[in-house]
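Asks: Have a look at this one.
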Amino acid sequence: MALEHVAQGQTRFFTPGVAPDPRGILLGRYCVMTFPTLEGAVSWFRLYSSEAALDELLSNLTITKCKTALGSREIVVQIPAVSSYAADRAARLCRLVGGAIYTGTAKHFVKYRDDRSPYGYDAVDIGTMPATTDFMVHGDEFAQGYLREGDLPFGRLLFRLSIRKLPGGEHLDAEDRADLFLAVARGLSEGIIRYLWRNRVEAQAGLFTPGASSAFDDHSRDRGYMLIRVRALPERILALFLGTPGIDVFRPAGASAAVAVGYQHPIDLASCSSVFPGDTFHVFWPGDRVDVLPGPIALSDIADLTRVDLELDRPKDPRPHGGGPIESIGVELKLAAAMGPPRRVVATLIALEHGSRLKRILFALPPVSLRGHRVAVTERGILVIGSENLDVIPLGQLLCELTPGLLVPLGMDVVPRVSAEVLARALGHQAGVVTVFTTVGRPFQIGEGSFSSLERRSLAKLEVQQVFVEDFGAEPAAEAQVINDAVGRFALWGFPDAPDRKLLPPGK
Amino acid sequence: MARTHVRDFLSRFVRPLVAGGEVHIGSPIPADDVDRWDHELGDATVELVAVDEARHAVVSTLVCRPPAFVLDVDELALAAGLHNALFLVHPRAEEWSVSDRVRREIIDTALAQVGRPLTHNRTRVIARHALLHNLFHLTRRDTTVSWWTGRARFQGQTPSRRLTSWKNLRRVREEFTDVGFDELLAVPDTAPVVATLLRRTPLTQLLDSHPGAPPLHWEDAVFLLRDAELARAVAYRLVPDAAPRDQITGPARLAAAFEQMLERTPDEADVRAVAAFLVHLAALFCFGELGLREPGAKSPLISTVLAAEAAGQRPRGLVTLFALSGALAAVDPRIATPPGIAALPALAARWLVHRAQTAELLGDAVIDALAARLRRHLRFAPRDPSDAVTLPDPAAPAA
């Protein structure tokens, strides 16, 4: 049997069902690992789960007991080759525990890459496979056929393994104590809850009964217990709980399982959480006991579970209090001399007969002073509102602003001095409306849409000539289209020989 | 056979070939006609000036001061050879009455016409490119006319009015198909002519290409990289402001040609020039990302084109293009980084991001393999500072 080293950039292989991945490494759809014993396979799972997630492999993972043509038996683990990085990790760990790894897709699996051939191996003389073999692996010096004898589902393997006692595993640091589960016997639950609440430990509790595994179980005996989830459990309380009969402490392993404190499952349960059905929660007890609780577990805050003392013989009725109607206290609004410092002038109300003076001032003012001013002509006068200080127009009644859009004469104030919001509500003043108080007559309102720019209003309409822009860019080239002209029947008549006939080999 | 004047050839074939329009293909042109046309050029000043002005407009987007062009027998022969190659896909040349011997004579004539000497002269290279810049974009509109009792196909010809009249009564239907370079000039008869022709215009091969075109032979084109203005024009044309896959198409093509070059025995200076040019193209990718909102963010261009899930769609040469800088760093660090990149701190930062991302996506094995191939050609020997620089002796004055 001969294996060839795969070269960089090689795309064609003798082995069926393999192809180069983006790094150029030969890879099939699956990797197959062979172990002489089941312990080797378990060791591989243990190592792999501690380094990476088994979940990504579980969709196509199979564990098979196989027999060779010579009658020896081996355990074959087949995983999907999701990437060459995952396959590299699997290969490294497989060789570490004494196994061998191959890659392929269906029947033929060839040795996965190693240090001697970084792009992998290709089996050059693949012959016909005997009918009695299910698949064949091609190694350095051999080709081995295998016959499948039986499958071992990964889930069953997981639950057959016993959790192991960890030396010093009861001592948890603060990070490990951040989230723990307590399984408390029914008789102790009320006291434990009160104890936790008194010590200000954040916890939630729920009552659970494990699913019956046998029809011969004693259903009259209540096997349920209180499951309490505690956060940041102090170390002294943890030590107390670990030493108290009837209380068992568990550490969560993923979202669907918990393992007793001081013990560890050989396979990291957090890396294979997809094995557990979504509606279950598995509790791994010492002594190979596994409780399957209905999940996801729903718990209630223990603050609501503490004992409540009722005194039904002394009722506490609410005492009614009465109220009266609102009395009318309306006061008429007036303008009065302002008490505070003078405000900024933001508008002016110019009598209509002073319009010609306003025009002359507009001609005299620089453009900067006109910018941003708005004007509206009303029957009460010409109202000019400025964006900045408007005292550049020495005409009319200067107005200052109480609240946005509410204008009063300069040096005056509205009495009674209510807040601007109350005043606006009383006047029906709102956004988009300008309300003007004048010294004579009632206040009036005008919509913002009636204003136009003073700059634009002061200009007459001009005629502007449109000019065109010259484009100096290169014109895009037109498409060149071949047109075959009619050349007549004798176009090739008398076509001379080429001057140099050595350019092409002679014709047939 | 009626003798065609060069005036007709210029106005009906050469000018539309350069400026666009209808490129008319007539009877094949014998070698003697080209010699005769060389003498007739003086009588076709109007057409000649029109062609030269069109060529001037074409290269005005490439170089600042296009050289003055005057069409001569060299370019006439190239155009005649292309005309004869296009005649080989003329429907008249595919009739039963045209024997293999005649077709071979036409091919031989076309090969002799396009087999002009290779040139490194800047003006002539630009002039040839201006003449043939549309080579990959020549199209032909074929019309299939079907009526109630039959159908006929017209290749680059207008169907007879007799066939298309009474459309409703005779149930006439016309279907149009546009064929391009691969059916016109990449067929077995025309391919050797086009390959010979393209070697004569390396600038066209650098600037443009077609999947069916022969690959670039870097040894023919590397002298253009030593002309800074042309090299810059090529670089900017190859990295357009477009989608990531369009941006890398041209550079990947040149990198694939570089891979082929490494399999031959090129001059070391040529390998250095091409490698430095490809590194410069990689720097242009960084330059295009200076406006990214986060200066240290991963390159969206590299993430798109080197993504593992799109590995099957990578064009040839793409891996070499991006791995080249890393490989050169191990072989000859002087050309692994474009000169002056440190002058722009933002550009230098993007350059480091690109290199790290490329190494992450391609892996060290690919870069090391390319470095090993480069080592066969580049012998990095730092100059001994104790060596005295000697200048050649001045030539002795003529007696």
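The values are calculated or read from the model by the stated rules, or taken from the named source; none is laboratory data. Computed from a predicted structure; not experimentally measured. All Cβ positions, glycine included, derive from the backbone under ideal geometry; neighbour counts span all protein chains shown. Just the protein is used for accessible areas: all its heavy atoms, side chains included, with ligands, DNA and RNA removed. Shrake-Rupley method; radii C 1.70, N 1.55, O 1.52, S 1.80 Å.
Asks: Across the protein assembly as shown, how many lysine pairs, 8 or more apart or on two chains, come within less than 30 Å at their alpha-carbon atoms?
Replies: 6
Asks: While we're looking at this one, here's another question. Hey, got the Cα dimensions of region B:124-275 along the principal axes, in Å, largest first?
Replies: For region B:124-275, the Cα spread along each principal axis is 71, 34, 29 Å.
Asks: So how exposed is residue A:444, as accessible area in Å² (1.4 Å probe, rounded to 10)?
Replies: 30
Asks: Here is a further query. When the gyration tensor of region A:331-471 is built from Cα positions, what are the square roots of 5 times its three eigenvalues, in whole Å, from largest to smallest?
Replies: 33, 17, 14
Asks: Additional query: Given region A:1-130, report the % of alpha carbon pairs whose separation exceeds 17 Å.
Replies: Across region A:1-130, Cα pairs with separations above 17 Å total 57 percent.
Asks: Normalised radius of gyration for region B:46-180, please: alpha carbon Rg relative to 2.2 N^0.38 Å, two decimal places.
Replies: 1.42
Asks: Where Lys and Arg each count +1 and Asp and Glu each count -1, what net charge lies around residue A:2 among other residues with Cβ under 15 Å from its Cβ?
Replies: For residues surrounding residue A:2, the net value is -3.
Asks: Tell me the accessible surface of residue B:294 in square angstrom (1.4 angstrom probe, heavy atoms of protein chains only), to the nearest ten.
Replies: Surface accessible to solvent at residue B:294 totals approximately 120 Å².
Asks: Here's something else I'd like to know. Tell me, what are the semi-axes, in whole angstrom and largest first, of the equivalent ellipsoid of region A:111-262 as set by the roots of 5 times the Cα gyration tensor eigenvalues?
Replies: One finds semi-axes of 51, 23, 11 Å for region A:111-262.
Asks: What's the angle, to the nearest 10 degrees (0 to 90), between helix A:84-96's Cα axis and the longest principal axis of chain A?
Replies: Between the helix axis and the principal axis of chain A, the angle is about 40 degrees.
Asks: On to the next question. Sort the following peptides by mean Cβ neighbour count (other Cβ atoms within 10 Å, averaged over residues), highest first: A:194-200, A:336-342.
Replies: A:194-200, A:336-342
Asks: Taking chain B as a Gaussian network, where each spring joins two C-alpha atoms under 10 Å apart, which residue of B:127, B:79, B:359 fluctuates the most?
Replies: Fluctuation is largest for B:359.
Asks: Quick one: among B:295, B:214, B:202, which has the greatest mean-square fluctuation in a GNM of chain B with alpha-carbon springs under 10 angstrom?
Replies: Of B:295, B:214, B:202, the Gaussian network model singles out B:295 as fluctuating most.
Asks: Moving to a separate point now. Sorted by mean Cβ packing within 10 Å, highest first, what order do the peptides B:84-90, A:171-177, B:347-353 take?
Replies: B:84-90, B:347-353, A:171-177
Asks: Okay, moving on. Take the Cα atoms of chain A, build their convex hull, and give its volume per residue in Å³.
Replies: 534
Asks: List the pair-distance distribution P(r) of chain B, using every Cα-Cα distance, as the percent of pairs falling in each 10 Å bin from 0 up to the bin containing the longest distance, rounded to whole percents.
Replies: Going out from 0 Å in 10 Å bins, chain B shows 4, 19, 24, 21, 17, 10, 3, 1, 0, 0 percent.
Asks: Mind checking the angle between helix B:244-263 and chain B's longest principal axis? C-alpha axes, 0 to 90 degrees, to the nearest 10.
Replies: 80
Asks: Over the heavy atoms of residue A:343, what accessible area does a 1.4 Å probe trace out, to the nearest 10 Å²?
Replies: Rounded to the nearest 10, the figure is 100 Å².
Asks: So what's the Cα pair-distance distribution over the protein assembly as shown, bin width 10 Å, in %?
Replies: The percentages, shortest bin first, are 2, 8, 10, 10, 11, 11, 11, 12, 12, 8, 4, 1, 0, 0.
Asks: Checking a compactness column here: for region A:77-135, what do you get for Rg(Cα) / (2.2 N^0.38 Å), N being the number of residues?
Replies: In units of the 2.2 N^0.38 Å rule of thumb, it is 1.20.
Asks: Tell me the angle of helix B:345-362 to the major Cα principal axis of chain B, expressed in degrees between 0 and 90 and rounded to the nearest ten.
Replies: The helix B:345-362 is inclined about 80 degrees to chain B.
Asks: Which whole number gives the average, over all residues in B:102-111, of C-beta atoms from other chains lying within 10 Å of the residue C-beta?
Replies: 5
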